[in-house]
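Below you'll find the structure, written out as structure tokens, and then a few comments.
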Amino acid sequence: MPKTQERKSSSGSAHRGSTSSVKNGKGHHTATPEWLILCAPWLDSDGALYQRQDISKPPLKDFFVIWVDTSEIIFTNWQIKSPSQHHSTLKGANSSHADYQSFKTDSDIRGLIESRTGPEELTFIDALIDGNINFLDRIPEKLQMHIILHLDQKSVAAFSQTSKHYKKLCYDDKVWSNLYTRSGLKTFMTPGLLNSVEAEGWRITYLIALRIKKTASKSA
């Protein structure tokens with residue numbers, strides 16, 4: 001069974017638009033040498049370009065796995081039995097396959113995926129097999145943090161809303177301590193406010209200092 005992989009860029013076109021992408025310009029992909037070279041750094045340890053395992057949205061509530069490699073999409077689902085039955089909780093697997101080219105028009109596999117996840121998942125997979133690889137989600141977390149540390153406060157706030165993962169990174173004390181150092185707010189930091197850093201964290205302290213600065217500017 002493939003391991004779970006969160007798709008951090010699954011919600012909202014603004015999020016997808018904020019990440020880097022590459023397209024091969026051919027409209028669809030087969031496993032050409034160029035495509036294999038492009039995908040190689042982003043394949044996981046199972047050899048998947050993308051995989052997701054989850055429970056279907058109501059009313060189906062079966063267990064499914066979506067697998068995308070360098071040449072095909074595989075959708076597999078298992079019906080979950082009632083816990084009152086004294087058998088395995090999962091019935092036999094049902095699988096559907098499609099290569100990149102046929103996936104766009106294969107109403108069967110597309111219907112199976114959409115009925116269990118919603119249309120956003122299809123949009124994501126279509127973009128992926130068109131060559132729009134979300135590089136930012138696939139780089140190490142340390143490098144993601146390095147990028148965030150170079151954003152301004154408004155960009156950090158916007159980026160934090162794109163996923164739970166990025167919210168966690170954007171709320172890190174290192175981010176807000178760095179923003180404080182770069183922002184010139186030291187003039188507006190009272191001793192009491194600085195003492196609150198340990199209890200409140202740098203984000204709250206930074207936002208309070210920013211509010212003090214704006215109030216002082218209006219009064220000037």
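The values are calculated or read from the model by the stated rules, or taken from the named source; none is laboratory data. Note that the structure is a prediction, hence the values are computed from the model and not measured. Note that each Cβ is placed from the backbone with ideal geometry, even for glycine, and that neighbours are counted across all protein chains shown.
Within region 161-176, is even one residue of a type in the set (Asp, Glu) and over 29 Å from Ile204 (Cβ atoms)? No, there is no match, as no residue in region 161-176 is of a type in the set (Asp, Glu) and over 29 Å from Ile204 (Cβ atoms).
Pairs linking a residue in region 203-220 that is touching a residue at least 40 places away in the same chain (Cβ under 8 Å) and not assigned by TED's automatic domain parsing to the domain that holds Val175 to a residue that is surrounded by 14 or more Cβ atoms within 10 Å (Cβ to Cβ) and hydroxyl-bearing (Ser, Thr, Tyr), with Cβ atoms under 8 Å and 6 or more positions apart or on different chains, do not occur.
Where helices (runs of 4 or more DSSP H) fall wholly inside region 169-220, the ranges with 2 or more residues that are surrounded by 12 or more Cβ atoms within 10 Å (Cβ to Cβ) and of a type in the set (A, V, I, L, M, F, W, C) are 173-183, 191-195, 202-219.
Of all the criteria given as (1) crowded, with 17+ Cβ neighbours inside 10 Å; (2) closer than 17 Å to Val68 by Cβ, the one not satisfied by Lys104 is (1). Contact map, region 43-64: first residue in contact (Cβ under 8 Å) with a residue 12 or more places away in the chain and surrounded by 15 or more Cβ atoms within 10 Å (Cβ to Cβ), second residue assigned to a strand (DSSP E or B) and hydroxyl-bearing (Ser, Thr, Tyr), Cβ cut-off under 7 Å, separation 6 or more or different chains; pairs are Phe64/Thr76. Within region 104-117, residues that are of a type in the set (Val, Ile, Thr) sit with their Cβ atoms under 9 Å from residues that are assigned to a loop (DSSP other than H, G, I, E, B) and exposed (fewer than 13 other Cβ atoms within 10 Å of the Cβ), at 6+ positions apart or across chains, in these pairs: Thr117/Lys57. Looking only at region 136-157, residues that are part of a helix (DSSP H, G or I), surrounded by 14 or more Cβ atoms within 10 Å (Cβ to Cβ) and touching a residue at least 24 places away in the same chain (Cβ under 8 Å) come to 7 in all.
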